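Reading through the structure tokens given below for one structure.
The values are calculated or read from the model by the stated rules, or taken from the named source; none is laboratory data. These figures come from a predicted structure and were not determined experimentally. Reconstructed Cβ throughout: ideal geometry from the backbone, glycine too, with neighbour counts over all protein chains shown. Side chains included, ligands, DNA and RNA excluded: accessible areas come from the protein's heavy atoms. Shrake-Rupley method; radii C 1.70, N 1.55, O 1.52, S 1.80 Å.
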Amino acid sequence: MKYLQLTVREPPASRNPMHEFLIESDDASLAQLWNWSTTPDEIDVVLFRVVGDREAYTAALDEAAFVVDYATARLDDESFYAYVEHATREEDAAFREPFLHRRVLTIPPIEFTDDGETRMDIIGRPADAQAVVDEFPAEFDVRVEQISTYEQGLDVSASLLTERQREAVAVAVDLGYYDVPRTATVADVAAELGCASSTASSHLQKAHAQFAHKIAGQPL
């Protein structure tokens, strides 16, 4: 099996309006897509974890004509779950087209960031994984951040973490993010990395997931 980390940047004309909200608004910075399905009558059912202001996000959902229904649930002071039902847009179907009828899986969460990027991890047969990359529409900017063989015995720090994730973990250690008691915040790590707090949080969260599954002896 082949493991790929992809970063995709859609042209603004086809970008989902709720992703556009992340880019244009200061009220939310990250949406993680954890689960999804599509009904026979072309309704997408999705579950997001959103980092941001819940009232501002639900106001944007109220204004989105393609949204059929939604519900939210608070997680903590910075994030909440959003269950959303919305009509399948032609643009969303086109985004999924390269994945159809191929022996590949996406590994949740798929991340939508406030800088306009969509980040995802996929696993599958090498030829099918490559076909996914090759068959995105030409107007999409697709970057392969990492390629590795998906095996339980991999050294996580050397193969499954991206260079930026390793850098984030190293900075977090140096600043005291992992000290007990903690002496640094995600914002401190972000400042040192020169990125948004949501981006630093994403790097650390993905690194933590890889380490946890490695320790548990279970592939992610």
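Residues of the chain were split at every exposed loop site, defined as trypsin sites (Lys or Arg not before Pro) in a DSSP loop with at most 15 other C-beta atoms within 10 angstrom, and the longest piece left, sites excluded, is 1-88. Accessible area ranking (1.4 Å probe, heavy atoms, ligands and nucleic acids excluded), largest first, for S202, S29: S29, S202.
Accessible area per residue was computed with a 1.4 Å probe on protein heavy atoms; L75 scores about 70 Å². Loop sites by DSSP among the GluC sites (Glu not before Pro) of the chain, restricted to those with at most 14 other Cβ atoms within 10 angstrom, leave 43-134 as the longest stretch without any of them. Averaged per residue, segment 56-116 has 55 square angstrom of accessible surface, using a 1.4 angstrom probe with ligands and nucleic acids left out.
Ligands, DNA and RNA left out, the accessible area of segment 16-64 computed with a 1.4 Å probe is 47% carbon and sulfur. Could you tell me which residue out of A196, I107, S37 lies farthest along the dipole of the chain toward its positive end? Charges go on the beta carbon: Lys and Arg +1, Asp and Glu -1, centred on the Cα centre. Of the options given, the answer is I107. Put a plus charge on the Cβ of each Lys and Arg, a minus charge on the Cβ of each Asp and Glu, and nothing anywhere else: the dipole of the chain about its Cα centre is then about 1080 debye. Counted over all Cα-Cα pairs of segment 1-92, pairs farther apart than 23 Å make up 24 percent.
Start at zero, step by 10 Å, and the Cα-Cα distances of the chain spread as 7, 30, 36, 22, 4, 0 percent across the bins.
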